[in-house]
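Peer 1: Got a structure for you, questions after.
The values are calculated or read from the model by the stated rules, or taken from the named source; none is laboratory data. What you see is a predicted model, and the numbers here were worked out from it, not measured in a lab. Backbone-built Cβ (ideal geometry, glycine too); neighbour counts: all protein chains shown.
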Amino acid sequence: MNLRLAYIIGAALLLAAPAQAQLLQLDRTDASRTQLGTLTFRGAYVIPSDATKIGGLSALAVQDETHILALTDNAQLYRLTLQWDAQGNLHRVTNGPGTPLLDENGLPPRNRARFDSESLTRTTDGWLVGYERDHRIERYKNMDGVPSGRPTPMPAVPGWASLPRNLGLEAMTHLQDGRVLAFAEAGDANDLHQAWLWQDSNWQALSYQAAPGLQPSDMALLPNGDVLVLERGFNFLFGFRARLVLVRQADIKAGATLSGPAWAVLESPVLNENFEGVAVRKMPDGVIRIFIVSDNNFNAAQQTILAVFDTKAVQ
């Protein structure tokens, strides 16, 4: 998360009350609204920090229909337990204490530059976690469905070292064919973001075109091999804003500039916060369920929100 954004948010919302557990509606001006573009709203829940000190959620991975793995930006893993009502809408979210990821020395990282974890993706034989500040991607073993043990680093791109400390490897996913796609949060004046594709045991360059004023914050693999990208941004006039963007599998090639249609835009009066993590699961009936989570920056003026949407747009 960009610290400049955190400072702006802190100043703008200084007098706001701490987050409390609650269910939220999709549109604060219309309690009956359930559609957002191609998506059907299935509920949103504010997760309070309470004794577990949960916050700073930056990435998600679905374990099963009632459990999600959430990664914070201080290298902690939380298991979220989801409860659904009789209509299949999200009713409650609970979590236990966080468990730290280990560094290459087999210890929980203590240096802020080493534990700013921002992205998480499952591979065929383990997990990948992307870190910024000390920009790198680490490979973890899979144990009981979570990243575990002492990691080993993936080869680095020389250009990673030149990325801004807090605008580094923000979004990543493992593609169906074994390639890995990663985006930088830092963009140029035209909202073009550096991207990299791991294939043939090498990183190859491409780019991602975000909407004006937005930055890629996470991505998730869809069941058909396409990728769903989460973008987010903030300004004083409009507050938080986010988009869910479809990138076609066929377009993901070295040298390409990736872009795609927006499935949904989250902006006032629709539910909005600093949405930073996205995950996808195909349900037994074929519906695609999308989970997004917000990063509260460990700021009492913000909220940790888990929101759920369904779509049949992609099979």
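Peer 1: Taking the range 85-126 as the search range and keeping residues that are part of a strand (DSSP E or B) and without any contact (Cβ under 8 Å) to a residue 40 or more places away in the chain, which one is nearest to T304 (Cα to Cα)?
Peer 2: Within the range 85-126, the first condition is being part of a strand (DSSP E or B), and the residues that meet it are 90-95, 99-100, 117-122, 126.
Now drop any that are not without any contact (Cβ under 8 Å) to a residue 40 or more places away in the chain, which leaves 94, 100, 126.
Working: T94: 12, P100: 19, G126: 27 Å.
Selected residue: T94.
Peer 1: Does S259 count as within 30 Å of E65 (Cβ to Cβ), among the hydroxyl-bearing types (S, T, Y) and at pLDDT 95 or above? It would help to see each step written out before you state the result.
Peer 2: On the way: within 30 Å of E65 (Cβ to Cβ): no; among the hydroxyl-bearing types (S, T, Y): yes; at pLDDT 95 or above: yes.
Taking the combined requirement at face value, the residue does not satisfy it.
Peer 1: Just name the residue that is nearest to the chain's Cα centre (by Cα) out of those in the range 171-200 that are within 20 Å of L222 (Cβ to Cβ) and touching a residue at least 60 places away in the same chain (Cβ under 8 Å).
Peer 2: A182
Peer 1: List the residue pairs whose Cβ atoms are under 6 Å apart, where the first residue sits in the range 20-43 and is farther than 20 Å from L244 by Cβ, the second is part of a loop (DSSP other than H, G, I, E, B), and the two are 6 or more positions apart or on different chains.
Peer 2: What qualifies is Q20/P48; A21/P48; T29/P269; A31/Q25.
Peer 1: Checking T99 against (1) of a type in the set (V, I, T); (2) within 22 Å of T152 (Cβ to Cβ); (3) buried (at least 23 other Cβ atoms within 10 Å of the Cβ), only one condition comes out false. Which one?
Peer 2: The failed condition is (3).
Peer 1: Given (1) in contact (Cβ under 8 Å) with a residue 60 or more places away in the chain; (2) more than 29 Å from P261 (Cα to Cα); (3) assigned to a loop (DSSP other than H, G, I, E, B), identify the lone condition not met by A156.
Peer 2: The single condition A156 does not satisfy is (1).
Peer 1: Inspect all residues belonging to the range 292-300 and state whether any of them is of a type outside the set (S, T, Y), part of a strand (DSSP E or B) and surrounded by fewer than 16 Cβ atoms within 10 Å (Cβ to Cβ).
Peer 2: No, the range 292-300 has no match at all.
Peer 1: Given the criteria of a type in the set (G, A, S) and over 19 Å from the mean Cα position of the chain (by Cα), does A300 qualify? Spell out how you get there, then give the answer.
Peer 2: On the way: of a type in the set (G, A, S): yes; over 19 Å from the mean Cα position of the chain (by Cα): yes.
Yes; evaluated as a whole, the condition is true for this residue.
Peer 1: Checking the conditions here, which among D251, D285 is without any contact (Cβ under 8 Å) to a residue 24 or more places away in the chain and closer than 20 Å to L82 by Cβ? Explain how you work it out, then say what you get.
Peer 2: Values: D251 fails: closer than 20 Å to L82 by Cβ.
After applying the criteria, what remains is D285.
Peer 1: Filter the range 7-41 down to the residues that are at pLDDT below 95, among the hydrophobic types (A, V, I, L, M, F, W, C), assigned to a loop (DSSP other than H, G, I, E, B) and surrounded by 17 or more Cβ atoms within 10 Å (Cβ to Cβ) and list them by number.
Peer 2: A19
Peer 1: Could you list, in sequence order, all residues of the range 183-221 that are surrounded by 15 or more Cβ atoms within 10 Å (Cβ to Cβ), of a type outside the set (D, E) and not in a strand (DSSP E or B)?
Peer 2: As a first pass, look at the range 183-221 and keep what is surrounded by 15 or more Cβ atoms within 10 Å (Cβ to Cβ): 183-187, 191, 193-199, 203-204, 206-211, 214-221.
Then drop every residue that is not of a type outside the set (D, E), which leaves 183-184, 186-187, 193-199, 203-204, 206-211, 214-217, 219-221.
Those that are surrounded by 15 or more Cβ atoms within 10 Å (Cβ to Cβ), of a type outside the set (D, E) and not in a strand (DSSP E or B): A210, A211, L214.
Peer 1: Working only within the range 167-178, note down all residues that are buried (at least 16 other Cβ atoms within 10 Å of the Cβ) and not in a strand (DSSP E or B).
Peer 2: Here is the first cut: in the range 167-178, the ones buried (at least 16 other Cβ atoms within 10 Å of the Cβ) are 167-175.
Residues satisfying the conditions are L167, G168, L175.
Peer 1: Here's a follow-up. Which of the residues that make up the range 102-133 are within 25 Å of G225 (Cα to Cα), among the charged types (D, E, K, R) and surrounded by fewer than 12 Cβ atoms within 10 Å (Cβ to Cβ)?
Peer 2: D125
Peer 1: Can you tell me which residue among R248, R232 is crowded, with 22+ Cβ neighbours inside 10 Å and closer than 22 Å to A195 by Cα? Spell out the reasoning first.
Peer 2: Working: R248 fails: crowded, with 22+ Cβ neighbours inside 10 Å.
Matching residue, one of R248, R232: R232.
Peer 1: For T29, are the conditions met, namely being among the hydroxyl-bearing types (S, T, Y) and over 26 Å from V265 (Cα atoms)? So that I can check it myself, show each step before the final result.
Peer 2: Values: among the hydroxyl-bearing types (S, T, Y): yes; over 26 Å from V265 (Cα atoms): no.
The answer is no for T29.
Peer 1: Out of the range 222-248, which residues are out of contact with any Asp or Glu (no Cβ under 7 Å at 6 or more places or on another chain), part of a strand (DSSP E or B) and in contact (Cβ under 8 Å) with a residue 24 or more places away in the chain?
Peer 2: Let us first name the residues in the range 222-248 that are out of contact with any Asp or Glu (no Cβ under 7 Å at 6 or more places or on another chain), namely 222-229, 231, 233-237, 239, 244.
Cutting the leftovers down to part of a strand (DSSP E or B) gives us 227-229, 231, 233-235, 239, 244.
Scanning the range 222-248 gives V227, L228, V229, F234, G239, L244.
Peer 1: Ok, one more. From the residues in the range 117-131 that are among the charged types (D, E, K, R) and over 13 Å from the mean Cα position of the chain (by Cα), which one is modelled with the highest pLDDT? Let's see the steps before the verdict.
Peer 2: Looking only at the range 117-131, we keep the residues that are among the charged types (D, E, K, R), and these are 118, 122, 125.
Remaining after also requiring over 13 Å from the mean Cα position of the chain (by Cα): 122, 125.
Values: R122: 97, D125: 92.
Among them, the one singled out is R122.
Peer 1: Can I ask one more? Which residues, counting only those in the range 178-237, are on the phi > 0 side of the Ramachandran plot and among the polar types (S, T, N, Q)?
Peer 2: If the condition is that a residue be on the phi > 0 side of the Ramachandran plot and among the polar types (S, T, N, Q), then S201 is the only one that fits.
Peer 1: So, one more: Please identify the pairs in which a residue from the range 201-221 that is charged (D, E, K, R) has its Cβ atom under 7 Å from the Cβ atom of a residue that is not in a loop (DSSP other than H, G, I, E, B), counting only partners at least 6 apart or on another chain.
Peer 2: Qualifying pairs under 7 Å: D218/A59; D218/S119; D218/A171; D218/L230; D218/E276; D218/G277; D218/V278.
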